[in-house]
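Here the structure is laid out as structure tokens; the discussion comes afterwards.
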Amino acid sequence: MIFVVVGTQLPFDRLIRAVDSWCAQSGRGQEVFGQVGRIGPQNYTPQHFEWGGMLDADVFQDKITGADMIVGHAGMGSIITAMSLAKPIVILPRRAHLGEHRNDHQFATVKRLGMRPGIFPAMTEQDLPGLIDQLVDGGYQEGGAKISNFAQDRLIGTVRDFIHGSKL
């Protein structure tokens, strides 16, 4: 199953339209479930895949754990969750100039993390179908290395030293 996530803050019609179009063209909509966020009167609702607006935490966890791959915005919560589950994730950054966010921090996130194993950056919505096809055709074998749920010892030590007033 492909799980589409847009986060909880703002609608992300550009992503949802692109995935919906891919579903229509590929005929694979039955393999997709989307968490499409808050739906306003002018927001796009998918026609070719099953979706929900805001999902309860338990439902979200079940969907993301059961997914073969994730397609989503470039939010750190989505990326870290995908990495912690070793799930491949295709990310499309929200863009401020398109009214999708307050600034372009997600674009910066993609530039910084886009080379990590299991993260597949789509810089535009036109890039999305090819990346999804690549992962579907590859049998979802391109998941990243599973990351720990805990910070590395080096970071913990640095924070501990800072809190206790040691010089860095």
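Overview of results
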| quantity | calculated |
| --- | --- |
| Sequence-separation-based contact order of the range 2-163, relative, with Cα cut under 8 Å and 6+ spacing, percent | 22 percent |
| P(r) weight above 23 Å for the range 2-163, C-alpha pairs, percent | 37 percent |
| Ordering of 1-9, 110-118 by burial proxy (mean other Cβ atoms within 10 Å per residue, highest first) | 1-9, 110-118 |
| Exposure proxy ranking, count of Cβ atoms within 10 Å, fewest first, for 71, 36 | 36, 71 |
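All of the numbers you see were taken from the coordinates with simple rules; none came from a lab. Please read these numbers as outputs of a predicted model, since none were measured by experiment. Cβ sites come from the backbone with ideal geometry, for glycine too, and all protein chains shown count toward neighbours.
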